[in-house]
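First the structure, in the form of structure tokens, and then the observations on it.
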Amino acid sequence: MTSEEMEKSIGFILQMQAKFESNVARSEANIDKLGATVSNLRVSVADLAGIVSESIRISDDRFTRLDDRLAKLAEAQKDLAESQKTTDERLNALIDVVERHITGHNHGQEALGGQ
């Protein structure tokens with residue numbers, strides 16, 4: 001190999017070494033950026049996990065209150081049905097009294113007219 005070829009080879013190697021070092025430096029910068037992005041993502045995921053957890057707790061509380069209200073409503077409906085039953089019984093008894101009263105008056109009128 002001639003001196004000129006040797007210098008060209010050394011120049012080529014030095015140029016490749018410079019490109020390699022430049023690429024390594026860019027890669028390190030990109031890795032640093034990715035590290036920062038990953039750190040930001042960790043924070044975001046932790047925040048999201050907290051939000052989801054709080055949303056679940058709120059939903060559970062609401063469902064518990066809804067269950068309580070439904071149970072009270074069911075009990076009130078049961079009480080109302082019992083009250084309605086009692087009212088129906090009393091109304092039927094009143095109807096019977098009124099019918100006997102009316103029927104008794106009609107029979108009394110017929111008895112007077114028939115004598």
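With K and R counted +1 and D and E -1, the other residues having a Cβ less than 13 Å from that of Ile13 yield a net charge of -1. Karplus-based coupling profile of region 71-85, in residue order and whole Hz: 5, 5, 5, 5, 5, 5, 5, 4, 4, 5, 5, 5, 4, 5, 5, with θ = phi - 60° in 6.51 cos²θ - 1.76 cosθ + 1.60 and x standing for Gly or Pro. For volume of the Cα convex hull per residue in Å³, computed directly from the structure shown, the correct entry in [x] 98; [y] 162; [z] 82 is [y].
Working out 0.36 nm times the residue gap between Ala46 and Asp61, then minus their Cα-Cα distance, what length gain in nm do you get to one decimal? All intermediate terms of the calculation are to be shown ahead of the outcome.
Values: separation 15, 0.36 × 15 = 5.40 nm, distance 2.26 nm.
Separation in residues times 0.36 nm, less the Cα-Cα distance, equals 3.1 nm.
Rule-based calculations on the coordinates, nothing more; no lab input. Keep in mind that what you see is a predicted model, and the values were worked out from it rather than measured. All Cβ positions, even for glycine, are placed from backbone atoms using ideal geometry, and neighbour counts span all protein chains on display.
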